[in-house]
1. Taking residue 288, is it part of a helix (DSSP H, G or I), open to solvent by 40 Å² or more (accessible area, probe 1.4 Å), out of contact with any helix residue (DSSP H, G or I) (no Cβ under 9 Å at 6 or more places or on another chain) and at pLDDT 95 or above?
2. Return the pair list, or none, for Cβ contacts closer than 7 Å from residues in segment 211-230 that are more than 14 Å from residue 330 (Cα to Cα) to residues that are of a type in the set (D, E, K, R) and more than 11 Å from the ligand (Cβ to nearest atom), at least 6 apart or on different chains.
3. With the condition being away from the ligand (no atom under 16 Å from the Cβ), I'd like the strands (runs of 3 or more DSSP E) fully within segment 90-189 carrying at least 2 qualifying residues.
4. Could you check, for segment 256-272, whether at least one of its residues is surrounded by fewer than 17 Cβ atoms within 10 Å (Cβ to Cβ) and modelled with pLDDT of 95 or more?
5. Are there any pairs with C-beta distances below 6 angstrom linking a residue in segment 243-254 that is touching a residue at least 12 places away in the same chain (Cβ under 8 Å) to a residue that is assigned to a loop (DSSP other than H, G, I, E, B) and open to solvent by less than 50 Å² (accessible area, probe 1.4 Å), with the two at least 6 apart or on different chains, and if so which?
6. Could you tell me whether segment 79-88 includes any residue that is within 16 Å of the ligand (Cβ to nearest atom) and free of Cβ contacts under 8 Å to residues at least 60 places away in the same chain?
7. For segment 137-150, give me each residue that is surrounded by fewer than 20 Cβ atoms within 10 Å (Cβ to Cβ) and under 17 Å from residue 93 (Cβ atoms).
8. Can you say whether residue 206 is modelled with pLDDT of 95 or more, closer than 19 Å to residue 322 by Cα, aliphatic (A, V, I, L, M) and assigned to a helix (DSSP H, G or I), as far as the supplied structure shows?
Amino acid sequence: MRNIATENYVIEFDSGYKSLTNIINEGNYTKIFLLVDENTKKYCLNIFIKKTKLKPYLIKISSGEENKNIDSCIKIWKSLIDFKADRKSLLINLGGGVITDIGGFSANTFNRGIDFVNVPTTLLSFVDASVGGKTGINFQSIKNKIGTFYDPMLVIIDLQYLDTLEEREIRSGYCEIYKHSLISQTNSKFKQLTNSDKINFSSQIITNSIEIKKSFVTKDKYEKQLRKGLNFGHTIGHAIETFFMSTSNSLLHGESIAIGLIIESYISNVICGFEIKMVDKIKNHILKIYPKIEFNASSTNSIIKLMYHDKKNIDEKIKFVLLKNIGDLVFDVDVPKSTILKAFNYYSS
Ligand code: GLY
């Protein structure tokens, strides 16, 4: 598989561990730290140690979106201090998007910034967190409210970690791959994925998906406009994720975004004329893969309220990025509540 060079670092596949060794040998690091959660400690740590032969200081935080918060950061900063980390220490993040986001943020803020390397272990983090330099934590129930842009030295994508995942996790990651196909300028990826009844996450599909995300962040790293396209499906999807987080039926990120993709595709039809037959295709494909979730008037209203927290909103208006066609994005669109409700009905119908 081909490596993917970004502005400041390379996303490497088979050669990744060798490059890590080179970075460590040339970087004169005083200490190497490895951030894990209980899952990556159990399932991925052995693979990582076997392949790198490193003996890092281990820092463990609890897994899950609900722990992507300031308390976990404090735990990381305290561990770094306890183990006497200094400005020439290196932090390696071994885990999914929560670990790479919070690890990157902790690295950026410790001693005004230490070097870090990401070793994503989920399909979702392969195609999303691996590129773009966003770091951060959730704050006051608002996703990614506090964060920075800070690039790693290297990202290593090792497909062996996918063997450690449950199918539900793989499905969650596939949603971002599918979203990338909707916002990509060429619709061949969209056709390839939509025409299949199953999820496709071959190494070729993963590489293409990373390339699509890279094309957005290279042109607009700081999300002035184009990068907002990556948020397609996320305005509704994030609110759905937050809503279910406080219930006993919490949804994974991709499971929430999958619903967001259907609802925002329908809104795209109402407001931007995105062909309804395309919206139907998207809905059919997604519902072949993800279970349908029930919404009632009360949950829908709570979700709409949560959207006002979304970081993209200016002056309390809900701003959407919508589609006119595959890869043809419309930015900062106001959507009336009545249209959002209609779109929820479309999803449920
Ligand atoms: N996950 C959206 C972005 O990186 O901009």
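1. yes
2. If the second residue must be of a type in the set (D, E, K, R) and more than 11 Å from the ligand (Cβ to nearest atom), the pairs left are 218/7.
3. Passing ranges, in order: 90-95, 115-120, 154-156.
4. Yes; the residues of segment 256-272 include at least one that is surrounded by fewer than 17 Cβ atoms within 10 Å (Cβ to Cβ) and modelled with pLDDT of 95 or more.
5. 244/251
6. The answer is no; no qualifying residue exists.
7. Once the filter is applied, which keeps residues that are surrounded by fewer than 20 Cβ atoms within 10 Å (Cβ to Cβ) and under 17 Å from residue 93 (Cβ atoms), segment 137-150 yields 144, 147, 148, 149, 150.
8. Here the answer is no, as residue 206 does not meet what is asked.
The values are calculated or read from the model by the stated rules, or taken from the named source; none is laboratory data. Quantities reported herein were computed from a predicted structural model and do not represent experimental measurements. Counting neighbours? That spans all protein chains shown, and the Cβs are built from the backbone with ideal geometry, glycine included. Only protein heavy atoms, including side chains, enter the accessible area calculation; ligands, DNA and RNA are left aside. Shrake-Rupley method; radii C 1.70, N 1.55, O 1.52, S 1.80 Å.
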